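The values are calculated or read from the model by the stated rules, or taken from the named source; none is laboratory data. Quantities reported herein were computed from a predicted structural model and do not represent experimental measurements. FYI the Cβ positions are ideal-geometry reconstructions off the backbone, even for glycines, and counts take in every protein chain you see. For the accessible areas, the whole protein counts, side chains as well, though only heavy atoms, and no ligand, DNA or RNA atoms are used. Shrake-Rupley method; radii C 1.70, N 1.55, O 1.52, S 1.80 Å.
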Amino acid sequence: MRSLMRQIGIDTRYLLVGLPLTVIGFVLLVAGFAAGVGTVVVWVGLPILAGTLLLARVFADAERRLLPGVFGRDLARPRYPRPPEGAGAFRRLVNPMTNGQAWLDLLHGVLALPFAIVGFVAAVTWWAVTLAGLTYPLYGWILYNIPGNESLPDLLGLPDTYFTDAAFNFAIGAVAALTLPFALRFVALLKGSLARALLTGVAELHERIDDLAEGRAAAVSAEAAALRRLERDIHDGPQQRLVHLAMELSRARRQMGKDPAAAESTLAEAIVATRETLDELRALSRGIAPPVLADRGLAPPSRRWRAGARSRWTSTCRSPSATPRRSRTPSTSWWRSR
């Protein structure tokens, strides 16, 4: 209940404050834009247009401060680039006109007027009907006793009694009170959606792009770290074993003619070392998915693995044309857990 009343207050403030703010901005911005465009041929219009765009930014910032309450979360603020270092006076003068968001601020200042009028009228009307209807039993007897006064129940043919008049107006006020939160919410979201699209839409897109870029950079960094770790593990483990295996095989070849028994013992040790190396390589490669898995799915690698397996088992895989393309994450997860 408290959150509902708070939201009603936020929406009411947004709609009531929005009209005078929008009217003032509309008058100043339209006048400034018209004066700037009309005198741009004599270069006087350039500083007028630049000042108008800066003024539009002020009104846009005032609108952005009200939007978080309407949408229930913080919204991004656009980036307004500064003039380059060492820029001349003319470049600094026209800098506001080189930013697309500044023109969107100006466009919002013009287009927001009808939305502000509708929001203001709706808020005032709904609150007036609600308060007047709910409090009618307190002051209605004064209106009822005025000679010749015809109320709405009289025009509808209802009984001409004060109870009927008070009950009818109270019912109207109750209906208005029940629909007040929804009406204010709808109009506030309607007005706020225009402001959000023009004043924060580009900024939200930039934030989304930055988040994707950061996520991609993090993924690339994690992959590079994993590759470095794999390279270190291969260098410290299987590579050393393979060097030792090569030395053992060379020693066995030298022992073939002189001492066959010793050569046989050396070969047996080399076979054991080979198996250990293969086990270690298999453990290291468990987290590496073959390229064919990403290109053609599970069917080719599973058949290849089945061909090299000792036990008999069957697999059923659909062709890529029979099934839609899906993410390779489930296939990679199965491959790593095989």
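General observations
- Calculated from backbone phi, Karplus (6.51, -1.76, 1.60) coupling profile of the range 136-144 in Hz, x at Gly/Pro: 4, x, 7, 10, x, 4, 5, 5, 5
- Charge-dipole axis of the range 111-220 as Lys and Arg at +1 and Asp and Glu at -1 on Cβ define it, positive-most pick from Gly201, Leu152, Thr135: Gly201
- For the range 1-153: accessible area per residue (Å², 1.4 Å): 57 Å²
- In plain terms, the chain from His206 to Leu107 could stretch by 33.6 nm, reckoned as 0.36 nm per residue minus the Cα-Cα distance.
- Neighbours of Glu150, meaning other residues whose beta-carbon lies under 12 angstrom from its beta-carbon, give a summed charge of -3 when Lys and Arg score +1 and Asp and Glu score -1.
- Inter-label distance for Arg91 and Ser250, nm, one decimal - labels placed 7 Å from Cα along Cα-to-Cβ: 6.6 nm
- Each Lys or Arg adds one and each Asp or Glu subtracts one; over the other residues with Cβ under 11 Å from the Cβ of Pro83, this totals +2.
- Accessible surface of the range 242-281, 1.4 Å probe, proportion on carbon and sulfur as whole %: 63 percent
- For the range 144-280, the Cβ-based charge dipole about the Cα centre amounts to some 780 debye (Lys, Arg positive; Asp, Glu negative; other atoms uncharged).
- Residue by residue, the range 257-266 carries 3J(HN,Hα) couplings of x, 8, 9, x, 5, 5, 5, 5, 5, 5 Hz when phi is fed to the Karplus relation 6.51 cos²θ - 1.76 cosθ + 1.60 (θ = phi - 60°); x denotes Gly or Pro.
- Each other residue within a Cβ distance under 11 Å of Asn99 adds +1 if Lys or Arg and -1 if Asp or Glu, for a net charge of +2.
- Sulfur and carbon atoms: percent of accessible area, the range 52-98 [1.4 Å]: 55 percent
- Area accessible to solvent at Leu158, 1.4 Å probe radius, in Å²: 70 Å²
- Only Lys, Arg (+1) and Asp, Glu (-1) charged, at Cβ; the range 19-156 dipole about Cα centre in debye: 800 debye
- Euclidean distance of C-alpha centroids, the range 228-270 and the range 161-179, integer Å: 98 Å
- Potential lengthening between Leu4 and Arg232 on full extension [0.36 nm per residue; Cα-Cα distance subtracted]: 76.1 nm
- Residue-level accessible surface for Ile271, protein heavy atoms, 1.4 Å, Å²: 90 Å²
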